[in-house]
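Everything below concerns the one structure shown next.
The values are calculated or read from the model by the stated rules, or taken from the named source; none is laboratory data. Nothing here was measured: the structure is a model prediction, and the numbers come from that model. Every residue, glycine among them, receives a Cβ derived from its backbone with ideal geometry; neighbour counts consider all protein chains shown.
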There are 2 protein chains.
Amino acid sequence: MAEKRASAPRQSETPVRETAVDLTGPVEDYLKAIYDIERDQQAAATNEIAQRLQIAPASVSGMVRRLAEQGLLEYERYKGVKLTAAGRRAALRTIRRHRVIEAYLVQALGYSWDVVHEEAERLEHAASDDLIDRMATAIGEPSTDPHGAPIPTRDGRVDERRHRRLSELRPGQRALVTRVGDEDPELLRYLASLGLLPNATVTLDERAPFEGPLTIRVEQARYQVGTALAERVLVELLPD
Amino acid sequence: MAEKRASAPRQSETPVRETAVDLTGPVEDYLKAIYDIERDQQAAATNEIAQRLQIAPASVSGMVRRLAEQGLLEYERYKGVKLTAAGRRAALRTIRRHRVIEAYLVQALGYSWDVVHEEAERLEHAASDDLIDRMATAIGEPSTDPHGAPIPTRDGRVDERRHRRLSELRPGQRALVTRVGDEDPELLRYLASLGLLPNATVTLDERAPFEGPLTIRVEQARYQVGTALAERVLVELLPD
DNA sequence: TGAGCAAGTTAGTCACACCTAATTCAAATG
DNA sequence: CATTTGAATTAGGTGTGACTAACTTGCTCA
């Protein structure tokens, strides 16, 4: 706390040492968001970052420049951003924290899966790596969080397989639910009520035209769901 | 995040509503420190607050005025500060968080008692009340943290008995260790090596003049300790 | 009683991370 | 190829919580 003024660039002296940036909460959130966007597109657009973080696009421009200066991402004006190796490492560290915390809250403290996201969102910035590792150990080093998202390892590896969306299945195809969006408690409660949880088997029966509702089957039961929902459920195709 | 600008005073409209201040990390730290100081003195001095928080006294003056405006403390220039009921409530809430977290880390995650303070210091600002309650339940609602400090209840009650310091014993007196300072890992490890833990029985054998070392006995063993150490160990006199 | 001094305060800055409004850029369209 | 348009940026500003330097206050002791 005495050394809050530690942001001067500091020429030479040490051999660069740009890895030792201490990441504030907001910075970690930017990196997480950018990592997430990059999984789909190849460069993250200012607007999209702004939307995920619920802040004004103008704010993103400024922050992104600072992060680029710190070597966490590559940035060319008007061209979007890409994480550097250091940035990706930092993002994965935060994502690991988030997912371990979610898993721990559910498995060790009896939280319901629909509410852990918010709590994890705050704790991920405060927990030490040591704490995260202890939590992971305590619940048996799970490989995914309660919503099916893969947990990066201590050394930053993560299962990056790209699953398809339930909305992309063709009628008649059967698939295993692997992952669902973790943010919206309402959605999660609804999914649970349908039994549409990770590891459930789902079959797409038919799809109404013009982005209409999908008819699906989950363990015998038949439901109609909208495309918005079906886009938030990731699946892995099962052999017929 | 969209309503960051929620700090305008807002006249009338609602019947005052000054309880709904959302406490930032620094604010919680101020309140904790002031609560702590008030336990000894009757009003907290600017300098002392500054020292505990490791910031400049000038910074305290400004902050303290803001806290007074928010109804968290009473403040008269040059006279020190006192917590209001609301301020005390907020302080105790933070202290409860801190101590429950410390106890949980030790009892549920196998942390050693000398290192939990730092971790708790960060987590206490991020954990929800619900999480704290779950942690407390999981470890059987302990009444003290690992260093013997009493844990305030959900509704803000706390055992405020004033224990005496080991350094205040008279030669020949026997006492029960109730509590030790929680901040310094070095000190804690040393205390552990002497067996000077909460619930240990200690006897003061003699005290060298001029603030000299004290000779104590802990379970048969005899040690010489300095007054600085003896001041950080709180005890409860045992009947002879 | 008044001089000295430590404690406390004010004044003026700064970094951070956000904001709105105004502007610039790039890419698509006529 | 000029224009439109939406994305992105810059300009300028805010609140928070820290800082240093310069000042007041009030208390103690001669």
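Being surrounded by 15 or more Cβ atoms within 10 Å (Cβ to Cβ) and either without any contact (Cβ under 8 Å) to a residue 12 or more places away in the chain or assigned to a helix (DSSP H, G or I) (or both) is the filter here; which residues of region A:166-187 pass it?
Across region A:166-187, the qualifying residues are A:L166, A:S167, A:E168, A:P185, A:L187.
How many residues does region A:108-136 contain that are more than 17 Å from B:G110 (Cα to Cα), more than 10 Å from every other protein chain (Cβ to nearest Cβ) and of a type outside the set (A, V, I, L, M, F, W, C)?
The qualifying residues number 3.
Determine whether B:R89 is assigned to a helix (DSSP H, G or I), more than 16 Å from DNA strand D (Cβ to nearest atom), outside the structural domain of B:K32 (by TED's automatic domain parsing) and crowded, with 21+ Cβ neighbours inside 10 Å.
So B:R89 fails the test.
Taking region A:71-86 as the region of interest, how many residues are over 14 Å from A:L31 (Cα atoms) and assigned to a helix (DSSP H, G or I)?
Summing the residues that are over 14 Å from A:L31 (Cα atoms) and assigned to a helix (DSSP H, G or I) in region A:71-86 gives 0.
Can you tell me which of (1) surrounded by 14 or more Cβ atoms within 10 Å (Cβ to Cβ); (2) among the hydroxyl-bearing types (S, T, Y); (3) more than 14 Å from A:A103 (Cα to Cα) is the one A:S193 doesn't meet?
Going through the list (1) surrounded by 14 or more Cβ atoms within 10 Å (Cβ to Cβ); (2) among the hydroxyl-bearing types (S, T, Y); (3) more than 14 Å from A:A103 (Cα to Cα), A:S193 breaks only (1).
In this structure, does A:E206 turn out to be in contact (Cβ under 8 Å) with a residue 24 or more places away in the chain and of a type outside the set (F, W, Y)?
yes
Looking at B:A58, B:A108, B:A68, which is the one that is within 14 Å of DNA strand D (Cβ to nearest atom), in a helix (DSSP H, G or I) and out of contact with any strand residue (DSSP E or B) (no Cβ under 7 Å at 6 or more places or on another chain)?
Criteria check complete, one pass: B:A58.
Among the numbered criteria (1) over 13 Å from the mean Cα position of the chain (by Cα); (2) away from chain B (no Cβ under 14 Å); (3) at pLDDT 95 or above; (4) at positive phi, which single criterion is violated by A:T153?
(4) is the only condition that A:T153 fails.
Can you name the residue in region A:65-99 that is under 10 Å from A:K32 (Cα atoms) and within 16 Å of DNA strand C (Cβ to nearest atom) and is also nearest to the other protein chains (Cβ to nearest Cβ) among such residues?
Looking at residues that are under 10 Å from A:K32 (Cα atoms) and within 16 Å of DNA strand C (Cβ to nearest atom), I get A:T94.
Conditions first: (1) part of a helix (DSSP H, G or I); (2) near DNA strand D (Cβ under 8 Å from one of its atoms). A:E38 passes all but one, so which condition is the exception?
Looking at each condition in turn, A:E38 falls short on (2).
Which numbered condition trips up B:R52, out of (1) among the charged types (D, E, K, R); (2) more than 14 Å from chain A (Cβ to nearest Cβ); (3) more than 8 Å from DNA strand C (Cβ to nearest atom)?
(2)
Go through (1) part of a helix (DSSP H, G or I); (2) in contact with an Asp or Glu (Cβ under 8 Å, 6 or more places away or on another chain); (3) away from chain A (no Cβ under 14 Å); (4) farther than 23 Å from B:A33 by Cβ for B:Y190 and report which single condition fails.
(2)
When you check B:E102 against the structure, is it more than 12 Å from every other protein chain (Cβ to nearest Cβ) and touching a residue at least 60 places away in the same chain (Cβ under 8 Å), yes or no?
Yes, satisfied.
Exactly one condition in (1) part of a helix (DSSP H, G or I); (2) near DNA strand D (Cβ under 8 Å from one of its atoms) is false for B:Q51; which is it?
Of everything listed in (1) part of a helix (DSSP H, G or I); (2) near DNA strand D (Cβ under 8 Å from one of its atoms), B:Q51 misses just condition (2).
Name the residues in region B:207-222 that are in a strand (DSSP E or B) and touching a Gly at 6+ places or on another chain (Cβ under 9 Å), would you?
B:L214, B:V218, B:A221
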